[in-house]
1. Provide the solvent-accessible area of Thr161, counting protein heavy atoms only and rolling a 1.4 Å probe, rounded to the nearest 10 Å².
2. Amide H neighbours of Arg113 under 5 Å, at least 5 residues apart or on other chains, H built in the peptide plane: list them.
3. How much of the pair distance distribution for the stretch 2-42 lies past 14 Å, counting alpha-carbon pairs only, in percent?
4. Provide the net charge surrounding Cys130, with neighbours chosen by a C-beta distance below 15 Å and charges set as Lys +1, Arg +1, Asp -1, Glu -1.
5. Please work out the Cα convex hull volume for the stretch 23-83 and give it in Å³ per residue.
6. Give a residue-ordered list of calculated ³J(HN,Hα) values for the stretch 21-26 (Karplus: 6.51 cos²θ - 1.76 cosθ + 1.60, θ = phi - 60°; whole Hz; x for Gly, Pro).
7. Evaluate the relative contact order of the chain (contact order divided by residue number), counting alpha-carbon pairs under 8 angstrom at least 6 apart; express in whole percent.
8. Just to be sure I understand, if you calculate Cα extents along the principal axes in Å for this structure, which of [x] 45, 36, 36; [y] 37, 37, 33; [z] 66, 46, 31 do you get?
Amino acid sequence: MTLPRDYRGQTCALARSMEVVGERWTLLILRDAFYGVRRFGEFAAHLGVPRAVLTDRLTTLTEAGVLERRPEQGTGRREVYALTPKGVALWPAVRALSLWGEEFHPADGGPRRVFRHSDDEAPLSPDGRCTGCGDAVPVTDVLVTPGPGLDPPGPGADPVTTALARPHRLLRPLITPTAPSRRPTRGPQS
């Protein structure tokens, strides 16, 4: 029996929020969107999520106004997913769940990712402040860097895993778009 997507009889804000972000894979898709993953194939390869499930979750997030689907600049044909302001507002929740996981279910060797202030590269405190300058750091100024628990990507690693092995600002496209190659024309070239 398939579980329903809504929480019938529940009228609290948490239940309404869970109807949007509470399904399996959704928070990992959001995490990757914050990291700068934009393309369907990149989400699929990095997460290992079945394509039908990914399609469903992206559709739900788009219909809820958390993500938007738009043409990728510079390619002309591809579409990408980007967080909307409503989606960006989920950063404190995604970060808090990540911190909770680091505290109560840590990876061997320490955190896989460390969030830092892009201005001075000091780590962020649990409340999102820079431990160096003391400023509250907006998501656009958060640098995600490899932590001590992150193993180097192997030879068959997907492009997202490889890109995340280097420091990167949140919300910026993780993989630079490439223009589609032009087909060679037949006949003499002028």
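The values are calculated or read from the model by the stated rules, or taken from the named source; none is laboratory data. None of the values given here were measured: they were computed from a predicted structure. Backbone-built Cβ (ideal geometry, glycine too); neighbour counts: all protein chains shown. With ligands, DNA and RNA removed, areas are computed over all heavy atoms of the protein, side chains included. Shrake-Rupley method; radii C 1.70, N 1.55, O 1.52, S 1.80 Å.
1. 50
2. The answer is Gly147.
3. 56
4. Charge balance near Cys130 sits at -2.
5. Working: hull volume 4.8 nm³, N = 61.
Here the figure is 79 Å³ per residue.
6. 10, x, 7, 3, 5, 4
7. Numbers: 242 pairs, mean separation 40.4, N = 190.
Contact order relative to length: 21 percent.
8. Given [x] 45, 36, 36; [y] 37, 37, 33; [z] 66, 46, 31, the calculated one carries the label [z].
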